[in-house]
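Notes to accompany the following structure.
The values are calculated or read from the model by the stated rules, or taken from the named source; none is laboratory data. Quantities reported herein were computed from a predicted structural model and do not represent experimental measurements. Don't worry about glycine lacking a Cβ; one is built from the backbone with ideal geometry, like all the others, and counts go over all protein chains shown.
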Amino acid sequence: MCVRLPDPTEEEMATPVSLKAKPSAPRDRQAGVRRRVREPAHLVAHGHLRVDPYYWLRERDNPQVLAYLRAENAYADAIMAHTRPLQERLFQELKERIKQTDQTVPYRLKDYFYYTKFEEGRDYPIYCRRRTTPEAHEEIMLDVNQMAKGQAYFAVAGREVSSEQDLLAFGVDTVGRRIYTIRIKHLPSGELLPDEIRGASGNLVWANDNRTLFYTKLDPVTLRSFQVFRHVVGQDPARDELVYQEEDETYSVWVSKTKSRDFILIASVHTDSTEYRYIPAADPERPPVVIEARKEGHEYEVDHYGGHFYLRTNDNALNFRLVRTPVERPGRDNWEEIVPHRPETFLEEFELFRNHLVLEERRNGLTRLRVIPWSREGEHEIEFDEPVYVAALSDNYEIDTDVVRYVYSSLTTPNSVYDYDMSARRHILLKRDEVLGGFDPANYRSERIYVTAADGARIPVSLVYRTDRRSPGGNPLLLYGYGAYGISVDPGFNPALVSLLDRGFAYAVAHVRGGQELGRPWYEGGKLFNKKNTFTDFIAVAEYLLERGYARRGGLFAKGGSAGGLLVGAVVNLRPDLFAGAIAEVPFVDVVTTMLDESIPLTTSEYDEWGDPRVEEYYRYILSYSPYDNVEPKEYPHLLVTAGIHDSQVQYWEPAKWVAKLRGTKTDNRRLLLKTNMEAGHHGASGRYRRYWELAFQYAFLLDLAGIDR
């Protein structure tokens, strides 16, 4: 038996208890690495010479490059020096609004309750458990604060408990490039075993013999997760047996375990296709068996209960359907449909229980939880009473129960954890995050509005503001967007936003095409040759917010990160007049150069997202919107751009080159700031207090531009 112990998300670093997504395939720039293109200083494509005068910034070990980045950091600090008192006030607010000593709601697994806690004054989580008996004492499995001493960056991944719950395997990254070293701890004694597996992805799972560990390993150059190994505790890792190697460079692999704990799963994942293999967890030396062979465009996910595999599949189902198939005959010919395809409903997740099936669905842009007894009598949806919210399945590791755990949040309701009795239809609120400093949800209002795009598409927008700060002429407003890889941005609670709302800002999320808020067609409408819909949707929302008085003229700001940074970069090229300022976090802005480097597996695996620029039609289309390639001599809004020197997903040189080109091309004197974290990667600082400082800097940037200095 083993259980995935989810890593703290970026949101959890801001508040100890948060909505947690279930582990899934990487779908965005967080999935791999970028490196030097083959041509030393330019790219030649389709007979066109593209000279890149800032190519030298890719030389990570060049002292001049490091000096340049530090000079940009010093410049940004100097420009923002007058806001330092405001930054300090914001930092204190962010820290004091969140309960600094807190813990997650424990969940039960056999003989133990597992939970995570944070302590005041300490940056990192502490992973704990206690036996289910009343007199049980707390056992600390990992105190990451102790482990991180002396490290500028520290992250723990994996955290899998063995079948007898006496061994804990986990991965450690001290750089920020998501290259992990796996260690194993004997929990009863607290002893760290000598086993040390380097170059791993942090993805791992135990077999049922309490001694065999499956893990995935990275290509040392590209960082593609491409091998699955089997390790026996106490054995020299050099002798670990290769179980599976993914030869197709457009696919990555990861391992997991079915909820029944009967099978190890090996998933090969491409942008729009998957393939699963299984190994009996009780017989870990058995060779893996394919469940359904890969096919272009076919995505599926697998779980197991009883004698069947259950598959969430898009086979003949754009919005996915649920089927089951006998373990002995898992192929397509034996599929039995359990939940049919529905054009108006997107099937996002499913959870198996002894007496019930629970579906996490999305309809009209909102998540729904549907409970279906296996008897088919009493099927119903769990009801929620707010117009804008997010609900998601949570820690449900046991099959033999009538209780499903879910998390709930809205733009005005702090993150909440519920148990729901599916037979009695009764909610039990286990915990709602405390928001300190006098926060009262009644002071805020959330809305769901729809904006019509030029082609008639209705774009959902989630909006929140403080009612007594609402101005008839419009408020300063921060508009957030992402719009890629089918990732939906849900309107959940963020305690940090209170610092903006209480100062008169409004906040909105534009659910633009490229996500899956309105199902799979919404994603398809924002990729490949439809990618520009993402940008024009965002612009349409911005115009609407200004026209309807939600945002004031000269007070609208944009924000996005990673592929959302691409969105910001494209939008400020297209309509810089709409925005007073923008924040682009680790932005993917050099799209043509990056996607022309086919030697990097992430590039080839993402041709289905952006297109293959070796094909001239795609080259011309990508070139027409790539932010770096479309910088022009004109006025731009104030810009704050961030980067991470160790970022393995969007390499630091993309934002650095973009800022350099903007600085040498734009015609205005507005602020253009580049902040590079010289100790971290894609997600910035690893400690929560360091993250508060980074966020305080961003908020000070916005508030200062809006003329708010308190």
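So the values come out like this:
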{"quantity": "Number of positions in region 430-454 that are among the aliphatic types (A, V, I, L, M), part of a loop (DSSP other than H, G, I, E, B) and under 28 Å from residue 395 (Cβ atoms)", "calculated": "1"}
{"quantity": "Qualifying positions in region 158-176 - part of a loop (DSSP other than H, G, I, E, B) and not aliphatic (A, V, I, L, M)", "calculated": "162, 163, 164, 165, 166, 174, 176"}
{"quantity": "Criterion (farther than 30 Å from residue 463 by Cβ, in contact with a strand residue (DSSP E or B) (Cβ under 7 Å, 6 or more places away or on another chain) and among the hydroxyl-bearing types (Ser, Thr, Tyr)) met by exactly one of 367, 313", "calculated": "313"}
{"quantity": "Tabulated pairs, region 238-258, first in a loop (DSSP other than H, G, I, E, B), second of a type in the set (Asp, Glu), C-beta under 8 angstrom, 6+ apart or interchain", "calculated": "251/275; 258/303"}
{"quantity": "Residue that is farther than 26 Å from residue 643 by Cα and either in contact with a Ser or Thr (Cβ under 8 Å, 6 or more places away or on another chain) or in the same structural domain as residue 415 (by TED's automatic domain parsing) (or both), where the choices are 549, 492, 483, 504", "calculated": "504"}
{"quantity": "Considering residues of region 178-197 that are over 17 Å from residue 232 (Cβ atoms) and assigned to a strand (DSSP E or B) only, the residue nearest to the chain's Cα centre (by Cα)", "calculated": "180"}
{"quantity": "Output for region 344-366, where each listed residue is at pLDDT below 95, assigned to a strand (DSSP E or B) and surrounded by 19 or more Cβ atoms within 10 Å (Cβ to Cβ)", "calculated": "366"}
{"quantity": "Of residues in region 114-157 being of a type in the set (A, V, I, L, M) and assigned to a loop (DSSP other than H, G, I, E, B), the one farthest from residue 104 (Cα to Cα)", "calculated": "152"}
{"quantity": "One residue from 547, 632 being more than 29 Å from residue 466 (Cα to Cα) and acidic (Asp, Glu)", "calculated": "632"}
{"quantity": "Entirely in region 543-619, the helices (runs of 4 or more DSSP H) that have 3 or more residues that are in contact (Cβ under 8 Å) with a residue 40 or more places away in the chain, aliphatic (A, V, I, L, M) and closer than 26 Å to residue 480 by Cβ", "calculated": "563-574"}
{"quantity": "Matching residues in region 51-67 - criterion: being surrounded by fewer than 15 Cβ atoms within 10 Å (Cβ to Cβ) and among the acidic types (Asp, Glu)", "calculated": "59, 61"}
{"quantity": "Test: residue in region 84-100 that is at pLDDT below 95, in a strand (DSSP E or B) and under 26 Å from the mean Cα position of the chain (by Cα)", "calculated": "yes"}
{"quantity": "Any hit, region 515-525, residues being of a type in the set (Phe, Trp, Tyr) and assigned to a strand (DSSP E or B)", "calculated": "no"}
{"quantity": "Only one of 175, 105 that is modelled with pLDDT of 95 or more, under 27 Å from the mean Cα position of the chain (by Cα) and surrounded by fewer than 19 Cβ atoms within 10 Å (Cβ to Cβ)", "calculated": "105"}
{"quantity": "Checklist (1) surrounded by fewer than 21 Cβ atoms within 10 Å (Cβ to Cβ); (2) in contact with a helix residue (DSSP H, G or I) (Cβ under 6 Å, 6 or more places away or on another chain); (3) of a type in the set (A, V, I, L, M, F, W, C) applied to residue 615, failing item", "calculated": "(2)"}
{"quantity": "The listed residue being among the charged types (D, E, K, R) and farther than 30 Å from residue 329 by Cβ, out of 224, 230", "calculated": "224"}
{"quantity": "Unique match (being part of a helix (DSSP H, G or I) and surrounded by fewer than 21 Cβ atoms within 10 Å (Cβ to Cβ)) among 670, 710, 690", "calculated": "690"}
{"quantity": "Selection within region 243-277 - polar (S, T, N, Q) and closer than 17 Å to residue 207 by Cβ", "calculated": "256, 258, 260"}
{"quantity": "Condition check for residue 535: in contact with a Ser or Thr (Cβ under 8 Å, 6 or more places away or on another chain), surrounded by 24 or more Cβ atoms within 10 Å (Cβ to Cβ) and either in contact (Cβ under 8 Å) with a residue 12 or more places away in the chain or in the same structural domain as residue 453 (by TED's automatic domain parsing) (or both)", "calculated": "no"}
{"quantity": "Residue in region 560-571 that is surrounded by fewer than 21 Cβ atoms within 10 Å (Cβ to Cβ), of a type outside the set (A, V, I, L, M, F, W, C), more than 30 Å from residue 368 (Cβ to Cβ) and modelled with pLDDT of 95 or more present", "calculated": "no"}
